[in-house]
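Notes follow once the structure below has been shown.
The values are calculated or read from the model by the stated rules, or taken from the named source; none is laboratory data. Here the structure is a predicted model, which means the values were calculated and not measured. No Cβ is skipped: glycine too gets one built from the backbone with ideal geometry, and neighbour counts run over all protein chains shown.
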Amino acid sequence: MNLNESYVLEEPVKGLLFVGDTHFSTVTPRSRIDEYPKTALKKMREVHKICKEQGFSIVVLLGDIFNKPSQPISYVNSILDLLAYFKKDGIEVYSIIGNHDVLYNRLDFMDKSSLGNLFYSGLLKPFGRIYFKTESGHSFGVAGFHYGEMVKPAEEVLEGVNIPICVAHLFYNMSSYSDDYLSDKQVKELGYKFYALGHDHITFNPVKVDNSYVIRPGSLMRGTSHRYNLSREVVVQGLKFDQGDKPVKFKSFEIPTANAEDVFTSDVYNRKVSSSDLLIEISAQAEELLEKMDGDKSGRTIYDVLDESDIDEDVKSRIELYLQQFGIFRRKSS
Ligand SMILES: [Mn+2]
């Protein structure tokens, strides 16, 4: 399987729709009281509806399709069924690979992941490049970079296109920890007109940097009861072509969501749960923190990162206890 396939589309394209981290999972996060797996599929049906109504024939998923690399076969099948539903209406779905999709961020582990099933089916297409033209004759090139791949300059990878677009699974201007982000400097130097980024679960309006735009729709699913998830709208964002006098127009579409109070429980961490469930939850959060620390070169400690994290205080203190079990104690201030 070529994860960096090039596609040259024959038919003129009317628009591109970007869908942020879907995080398909059969496990309902403990903070949610709805059925997460079903809600995720329902939201993708809404995406399909938007495509039909707005004339999008290309959907680009921005990575983290699955929450964990391996998912139950029945759930993978229901996602294949969903992708077939897009295909039936002539909507092609492309995707890059996020850090949650493969074990150890190793692309050569794709064969062992559920995302690999989707790719082998041909209903979801991993891509390196997509070339197409619009009705008015503008030529576009979309360069996709999987998590862990270095983003290369537009002129190096997309020759002879009017409007180059970069799709990657990276934060933007996040200088605090790790190196999985695009800096302002890179955005300027890489030379793309648009950067559509997954990885960040928060929804942003496009940011203009010189003559480029950074697009971050945020995750399709609200996996946690983090503060930003309680208030934000869930959207998909896209580009429409040949609208009036402009070759490209940015569009944002809201995906209907339940009220946060109907999805998340307020006393999530006080709910009576088995201690093993609690341990799984806390260790998952702690592991995420440790992962973030991996790329950190600023000399900050895990407690610095923990203190700044958007995690309930109650959980923070439990993570602290968890870390202490492994002999990782808070550094005494001098
Ligand atoms: Mn994600």
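Of a type outside the set (Gly, Ala, Ser) and not assigned by TED's automatic domain parsing to the domain that holds ASP200: is that true of MET1 in this structure? Explain how you work it out, then say what you get.
Working: of a type outside the set (Gly, Ala, Ser): yes; not assigned by TED's automatic domain parsing to the domain that holds ASP200: yes.
Yes; evaluated as a whole, the condition is true for this residue.
Just one of (1) in contact with a Phe, Trp or Tyr (Cβ under 7 Å, 6 or more places away or on another chain); (2) within 30 Å of ASP312 (Cα to Cα) trips up ILE50, so point out which.
(2)
In this structure, is GLU35 out of contact with any helix residue (DSSP H, G or I) (no Cβ under 9 Å at 6 or more places or on another chain) and at pLDDT 90 or above?
Numbers: out of contact with any helix residue (DSSP H, G or I) (no Cβ under 9 Å at 6 or more places or on another chain): yes; at pLDDT 90 or above: no.
Taking the combined requirement at face value, the residue does not satisfy it.
Tell me the residue from ALA84, ALA40 that is in a helix (DSSP H, G or I), within 16 Å of the ligand (Cβ to nearest atom) and either surrounded by 14 or more Cβ atoms within 10 Å (Cβ to Cβ) or in the same structural domain as ILE163 (by TED's automatic domain parsing) (or both), please.
On inspection, the qualifying residue turns out to be ALA40.
Can you report the number of residues in region 113-172 which are closer than 23 Å to GLU10 by Cβ, assigned to a helix (DSSP H, G or I) and within 16 Å of the ligand (Cβ to nearest atom)?
Matching residues across region 113-172 total 0.
Can you tell me which residue in region 89-103 is nearest to the chain's Cα centre (by Cα), limited to those that are surrounded by fewer than 21 Cβ atoms within 10 Å (Cβ to Cβ) and within 16 Å of the ligand (Cβ to nearest atom)?
Taking region 89-103 and keeping what is surrounded by fewer than 21 Cβ atoms within 10 Å (Cβ to Cβ), we get 89-92, 94, 99, 103.
Within this subset, residues satisfying the condition of being within 16 Å of the ligand (Cβ to nearest atom) are 99, 103.
Working: ASN99: 9, LEU103: 16 Å.
Within region 89-103, the match that is nearest to the chain's Cα centre (by Cα) is ASN99.
Taking ILE79 as meeting all but one of (1) farther than 15 Å from THR26 by Cβ; (2) among the hydrophobic types (A, V, I, L, M, F, W, C); (3) surrounded by 20 or more Cβ atoms within 10 Å (Cβ to Cβ), write down the number of the exception.
(1)
When region 163-218 is examined, which residues are found to be of a type in the set (Lys, Arg) and farther than 21 Å from ASP21 by Cβ?
Quick first cut of region 163-218, residues of a type in the set (Lys, Arg) only: 185, 188, 193, 208, 216.
Of everything in region 163-218, those that are of a type in the set (Lys, Arg) and farther than 21 Å from ASP21 by Cβ turn out to be LYS185, LYS188, LYS193, LYS208.
So, in region 45-81, how many residues would count as being within 20 Å of the chain's Cα centre (by Cα), more than 16 Å from the ligand (Cβ to nearest atom) and hydrophobic (A, V, I, L, M, F, W, C)?
Residues in region 45-81 being within 20 Å of the chain's Cα centre (by Cα), more than 16 Å from the ligand (Cβ to nearest atom) and hydrophobic (A, V, I, L, M, F, W, C): 9 in total.
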